[in-house]
Structures are given as structure tokens and as C-alpha cells.
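Working notes, beginning with the structure itself.
The values are calculated or read from the model by the stated rules, or taken from the named source; none is laboratory data. Bear in mind the structure is a predicted one, so any value in this text is a computation, not a measurement. Using ideal geometry, Cβ is built from the backbone for each residue, glycine included, and neighbour counts are taken over all protein chains shown. Just the protein is used for accessible areas: all its heavy atoms, side chains included, with ligands, DNA and RNA removed. Shrake-Rupley method; radii C 1.70, N 1.55, O 1.52, S 1.80 Å.
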Amino acid sequence: LFFLSKGNIGRAVSQDLIHWEHLPPIENMAREGDWDTEGMRMTGCTVKQGDRYYLAYGGRGEGTPIGLLQSDDLMSWKRVGDPVLTAKDPYLPGDHWRDLSPIWNKAQQQWDGYLFGIHARTKRGSIAHVTSKDFLNWTYHEPLFITEEYQRDNDGFVYLEVPDLFEMGGKY
């Protein structure tokens, strides 16, 4: 289990999903002046690519970057890229670029990543779509879904945080 913890990534393991043993957190590896010096602050994900694990996390900074840590054993981690995903066309930079949810597309032999972003042309919340063959270099696509115009006390858009895609009964 990986979770946000005081600017770091907390970790715990369980054999039964009821009793948990906490492990030392993955401490923020930023140095003074790095984009994530304020800490690992936004929801992330952990995936396995070949024999290597990648942990994506969000931070504060221009384009609300998403950084990446890499591990061969889930215990020792190192930072890769600087950062790997930032909001860029067709998405707007800002605090609404976060919560990467990747799934391996076996047919295309690539990662399909889904996250919350503001679509630049419509200025509305969207389920952003990005793809990668190696989890390090990403191609940006038009969103899968854009909210309708929405008015209340939320600046005119609906938040679409922490999207997820999964297969269930042969459907996605």
C-alpha cells in the first residue's frame, strides 16, 4: 500500500488486507530548487514494467508536474525524469493536472494513462488521455471526456479526480 504522508510516500504491507505493517516512508528526494521541494503532494500510482516498478506522484510547480520514482525491489527507490508528465497542449497548466491512472494496453503494447486535466480549448474539466511505451516518455491526446458547462460554487466545472479504468466481465 502506498499513500501520501506528510510530503512523503507512506508504505505498508499486509497478508490479509486487515492487518498492516508500516514500512519506512519513501522520503521526498527533491533538492533545493527542484519542482517538488514542497513534497509529494498529489495522488499517484505504482505499476510494474518488465522487472522494474514505477511510482508516479504529483507535486506543486509549473504545469503541476507528475514525477516518477523507480525500483527493482519495491524497497529502494530512485528518482527518474524531472518530471515525466506536465500539463501541456491540449491541456492547461495549473492545479488541475493530477491523479495518473495507467493501464497496460496489451493490443497496442503501450500504457494508456488517464488523469484529471483542464481541456485548453473548452476550459472545462476532463479525463485526459496520455500514452507511453516505456512509462517515461508520454504522448498527449485529446480527452476521453469533457464535462458539460456546470455552474455552482466550483468555478464552473466539475472535478474529475482520480479516474480509473479496469476490465470487468469483458468490458472496460
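Just reorder R98, R52 by solvent-accessible area, largest first, 1.4 Å probe, all chains present.
So the residues, ranked largest to smallest area, are R52, R98.
At a Förster distance of 25 Å, what's the computed FRET efficiency of D72 paired with F166, Cβ-Cβ distance as r, to 0.05?
Working: r = 26 Å, r/R0 = 1.05.
E between D72 and F166, to the nearest 0.05, is 0.45.
Over the chain, with every protein chain in place, what whole percent of the accessible area is carbon and sulfur at 1.4 Å, could you tell me?
Accessible surface attributable to carbon and sulfur in the chain totals 49 percent.
Tell me which lysines have Cα within less than 30 Å of K6's Cα, excluding those fewer than 8 residues away on the same chain?
In chain and number order, the partners are K48, K78, K88.
So what's the gap between the Cα centers of region 55-99 and region 119-146, to the nearest angstrom?
14 Å
Rolling a 1.4 Å sphere over the protein heavy atoms, what is the accessible area per residue of the chain, to the nearest Å²? Present the calculation step by step, with values, prior to reporting the outcome.
On the way: 10180 Å² over 172 residues.
That works out to 59 Å² per residue.
Given the convex hull over the Cα atoms of region 25-72, what projected area results after averaging over all orientations, in nm²?
Averaging across all directions leaves 3.6 nm² for the Cα convex hull.
Rounded to two decimal places and with Rh computed the Kirkwood way over Cα pairs, what is Rg over Rh for region 1-49?
Ratio of gyration radius to Kirkwood radius: 1.05.
If I take every Cα pair under 8 Å that is 6 or more residues apart in the chain, average their sequence separation and divide by the length, what percent do I get for the relative contact order?
Computed over the chain, the figure is 13 percent.
Suppose accessible area is computed on protein heavy atoms with a 1.4 Å probe; arrange E148, E21 from highest to lowest.
E148, E21
How much length is gained if the chain between D82 and T131 is pulled fully straight, taking 0.36 nm per residue apart and subtracting their Cα-Cα distance, in nm to one decimal?
Here the answer is 15.8 nm.
Please work out the FRET efficiency for the pair E27 and E148, using the Cβ-Cβ distance as r and a Förster radius of 35 Å; give the result to the nearest 0.05.
So, using R0 = 35 Å, E works out to roughly 0.25.
From the Cα trace of the chain, what convex hull volume per residue do you get, rounded to a whole Å³?
Once divided by residue count, the hull of the chain is 153 Å³.
At a Förster radius of 30 Å, what calculated FRET efficiency corresponds to the Cβ-Cβ distance of K106 and L17, to the nearest 0.05?
Working: r = 27 Å, r/R0 = 0.90.
After rounding to 0.05, the efficiency reads 0.65.
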